[in-house]
Amino acid sequence: MVSDDAFRVYGIDLGTTYSAIAYVDEIGKPAVCRNTDSLETTPSVVFFENADNVVVGSVAKNSVVTHGDRVVSLIKRQMGTKATFEFDGKTYSPESISSLILRQLAQDAVDLHGAPATKAVITVPAYFGMLERDATRTAGVLAGLDVIGIVPEPVAAALHYEATTSASDKTILVYDLGGGTFDTTVISVSDNEIVVLCTDGDDHLGGADWDARLHRHLLDAFREHVPPDVDPEDDEEFLQTLAKTAEDTKKQLSKVESRPVPLRGAGVSARVEVTRAEFESLTEDLLAKTVEIVRRTLATLEQKAPGRTIDEVLLVGGSTRMPAVAARLRAEFGWDPKLHDPDLAVAKGAALYALGRVVHREAEEKGVDAAVETIAAKTGLSTQKLRTIADKETRNVLPKAFGVKLVDTEAPDWQSKPTRYYVEHLVHANDSLPAEGELSAATIYDGQNAVEIELYEQSGAVAGREMGENKHLNDGAGTIDGLPSLPAGSPVEIKMLVDNEGTLQVQATEMSTGKELVIKVRVSVLSTEEVEEAAKVVAGLTVSG
Ligand code: AMP
């Protein structure tokens, strides 16, 4: 008998190419909700069929062939940006489009389990900065979810690994190559703690890039069968079908060593033979990029925890099914990588994390014991099992640096007319959270009576000081004004603090007067008004799978 206030909490892996939603069953095992096609993963593709109806998943993916201009894929790559999409006179942000995918996943969970998917944790690549993380949270809110946490994908994968293998006191490197993003994260796992030591990655590198190489190769090979005056690229339908063929062929080449690929386009039919060796050589540089990032991660680890070695390498993300991945890691580093439920480990780990979060939330009001009792009753789990799950603390690192804008004092005439600026970072990628930093700055010209502070987050994989390498933060600016006329060089001390939830607090003090400015920002891409506007637009749509 299920009580009236029973609920489930969900973990959602909002992937670049595929997404999945999972919950923890009554015996404490994570289980994945199947979609309307009875599949465990749903393509993260959205088809805007008309002004009122949106389709998400495999039908949307297949609609690329017929309605390419009304289909959005790989939206995760645009999270944290101001990109916009127009359909039927309505404007959509990456947050609104992702919210439609989340809404469909939530509906799939409802359809099959009878309980509404409302409380959820959504995962993000470890390398997502705070802006992208907030965009993901906003997408969840727009989907009508109570987002109880945002968790890095490798942390979720490590949680699931720990829960299924009872690995204790190990240093694990998670190599996550998904559809559109790559990251590598070193995590220390013990009985009651999961601590991220360092992370690195490339948010524009993933299976889709492997697909693109094979797509090009197949197209070039097909051209040899086509009369010289015919361009198969003029056949839009052929191109769209080829994209799917390329991905399917890639997946098959993970199992077989060669594959004949039948192609038909521009009035011509032909068979092109592709071998795994050929495919691996076409994509060798992509794999090399991941190896380079692994090396960078190990160098960061050595700085942070000298002498620490890797005990276990976990492969997650669908693209790690390509045999070349494990082989290359073995050859380069002598590791014995393990494929760990690559498509579902993240969603399952997120479900475990979600359960821990609801207990912690409840415990803030009534203490841990009562919280465990309450949540156990509502989820059907034993108190003992729940306690084991909730006892696990996770500690993260700052994904990307934050800094303030300063005047470049190397530029000519900087004192009379500042022309060049740069960003000085106060807290850095891989600083353990909560992270703190300080900077001694100064007024720049005689008679200055105000000091402006503007906050930025690093945008690229490697922190750079150029303005273009940093993103301005919404609401991340303020002025200490009403100062007496100060001489140039009067000190201004700036302190920065980022807490576990990604709230950034900056305190700037003009030292001679003690005048202070405090800026507190929940890092976000869209303003409150923009979120409200987006909520209205997506609420008017029907979403189906
Ligand atoms: P994820 O974002 O983790 O769901 O990863 C999806 C990516 O994994 C897509 O690019 C898929 O094409 C790729 N993928 C899934 N299965 C395989 C496979 N058997 N071999 C190669 N790539 C695969």
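Looking at Thr136, Thr164, just one residue is open to solvent by 20 Å² or more (accessible area, probe 1.4 Å) and assigned to a helix (DSSP H, G or I), and that residue is Thr164.
The rows are residues; the columns are (1) away from the ligand (no atom under 16 Å from the Cβ); (2) among the acidic types (Asp, Glu); (3) modelled with pLDDT under 90.
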| site | (1), (2), (3) |
| --- | --- |
| Lys348 | no, no, no |
| Arg357 | yes, no, no |
| Gly367 | yes, no, no |
| Asn396 | yes, no, yes |
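All of Ser254, Ser258, Ser281 fail the test of being closer than 25 Å to Tyr161 by Cβ and not acidic (Asp, Glu), apart from Ser254.
Within segment 416-431, can you find the residues that are touching a helix residue (DSSP H, G or I) at 6+ places or on another chain (Cβ under 8 Å) and assigned to a strand (DSSP E or B)?
Step one: of segment 416-431, the residues touching a helix residue (DSSP H, G or I) at 6+ places or on another chain (Cβ under 8 Å) are 421-423, 430.
Once the filter is applied, which keeps residues that are touching a helix residue (DSSP H, G or I) at 6+ places or on another chain (Cβ under 8 Å) and assigned to a strand (DSSP E or B), segment 416-431 yields Tyr421, Tyr422, Val423.
Of the residues Ser440, Ser459, Ser432, Ser490, only one is farther than 30 Å from Asp200 by Cβ and in contact (Cβ under 8 Å) with a residue 24 or more places away in the chain; which? Testing whether each residue is farther than 30 Å from Asp200 by Cβ and in contact (Cβ under 8 Å) with a residue 24 or more places away in the chain leaves just Ser490.
With respect to being without any contact (Cβ under 8 Å) to a residue 60 or more places away in the chain, within 16 Å of the ligand (Cβ to nearest atom), outside the structural domain of Leu159 (by TED's automatic domain parsing) and of a type outside the set (A, V, I, L, M, F, W, C), Lys255 fits the description. Quick one: which strands (runs of 3 or more DSSP E) lie wholly within segment 432-520 and hold at least 1 residues that are farther than 30 Å from Thr185 by Cβ and hydroxyl-bearing (Ser, Thr, Tyr)? Correct list: 435-442, 470-480, 503-510.
Keeping to segment 247-282, report how many residues are open to solvent by 80 Å² or more (accessible area, probe 1.4 Å) and in contact with a helix residue (DSSP H, G or I) (Cβ under 8 Å, 6 or more places away or on another chain). Total satisfying the criteria: 3. Against the list (1) at pLDDT 90 or above; (2) under 22 Å from the mean Cα position of the chain (by Cα), the condition Glu466 fails is (2). Taking Arg77, is it touching a strand residue (DSSP E or B) at 6+ places or on another chain (Cβ under 7 Å) and on the phi < 0 side of the Ramachandran plot? Spelling it out, it is not the case that Arg77 is touching a strand residue (DSSP E or B) at 6+ places or on another chain (Cβ under 7 Å) and on the phi < 0 side of the Ramachandran plot.
Residues in segment 301-324 that are away from the ligand (no atom under 16 Å from the Cβ), modelled with pLDDT under 95 and part of a strand (DSSP E or B): Glu312 only. Within segment 149-176, being among the hydroxyl-bearing types (Ser, Thr, Tyr), closer than 20 Å to Ala354 by Cα and within 16 Å of the ligand (Cβ to nearest atom) holds for one residue alone: Tyr161.
Residues being within 16 Å of Gly11 (Cβ to Cβ), within 16 Å of the ligand (Cβ to nearest atom) and within 15 Å of the chain's Cα centre (by Cα) are entirely absent from segment 139-148.
Considered as a group, the residues in segment 177-220 that are within 10 Å of the ligand (Cβ to nearest atom), assigned to a helix (DSSP H, G or I) and of a type outside the set (Phe, Trp, Tyr) include one that is surrounded by the most Cβ atoms within 10 Å (Cβ to Cβ), and that residue is Gly207. When segment 325-344 is filtered for residues that are within 14 Å of the ligand (Cβ to nearest atom), closer than 20 Å to Pro125 by Cα and either in contact with an Asp or Glu (Cβ under 9 Å, 6 or more places away or on another chain) or open to solvent by 10 Å² or more (accessible area, probe 1.4 Å) (or both), the ones remaining, listed by number, are Leu339, His340, Asp341, Pro342, Asp343, Leu344.
Residues that are acidic (Asp, Glu) and crowded, with 17+ Cβ neighbours inside 10 Å were ranked within segment 398-456; the one that is modelled with the highest pLDDT is Glu454.
Please tell me if Leu145 is of a type in the set (A, V, I, L, M) and open to solvent by 10 Å² or more (accessible area, probe 1.4 Å). Against the criterion (of a type in the set (A, V, I, L, M) and open to solvent by 10 Å² or more (accessible area, probe 1.4 Å)), Leu145 qualifies.
Just wondering, is there one or more residues in segment 231-244 that are within 16 Å of the ligand (Cβ to nearest atom) and exposed (fewer than 15 other Cβ atoms within 10 Å of the Cβ)? Checked segment 231-244: no residue is within 16 Å of the ligand (Cβ to nearest atom) and exposed (fewer than 15 other Cβ atoms within 10 Å of the Cβ). Within segment 352-366, does at least one residue satisfy the condition of being surrounded by 16 or more Cβ atoms within 10 Å (Cβ to Cβ), assigned by TED's automatic domain parsing to the domain that holds Leu14 and among the acidic types (Asp, Glu)? The answer is yes; a qualifying residue exists. Quick one: in segment 168-212, which of the residues that are acidic (Asp, Glu) and under 21 Å from Leu282 (Cβ atoms) is farthest from the chain's Cα centre (by Cα)? Of everything passing the filter in segment 168-212, Asp211 is farthest from the chain's Cα centre (by Cα).
The values are calculated or read from the model by the stated rules, or taken from the named source; none is laboratory data. Because the structure is a prediction, the values reported are computed rather than measured. Glycine gets a Cβ as well: all are built from the backbone with ideal geometry, and neighbour counts include every protein chain shown. With ligands, DNA and RNA removed, areas are computed over all heavy atoms of the protein, side chains included. Shrake-Rupley method; radii C 1.70, N 1.55, O 1.52, S 1.80 Å.
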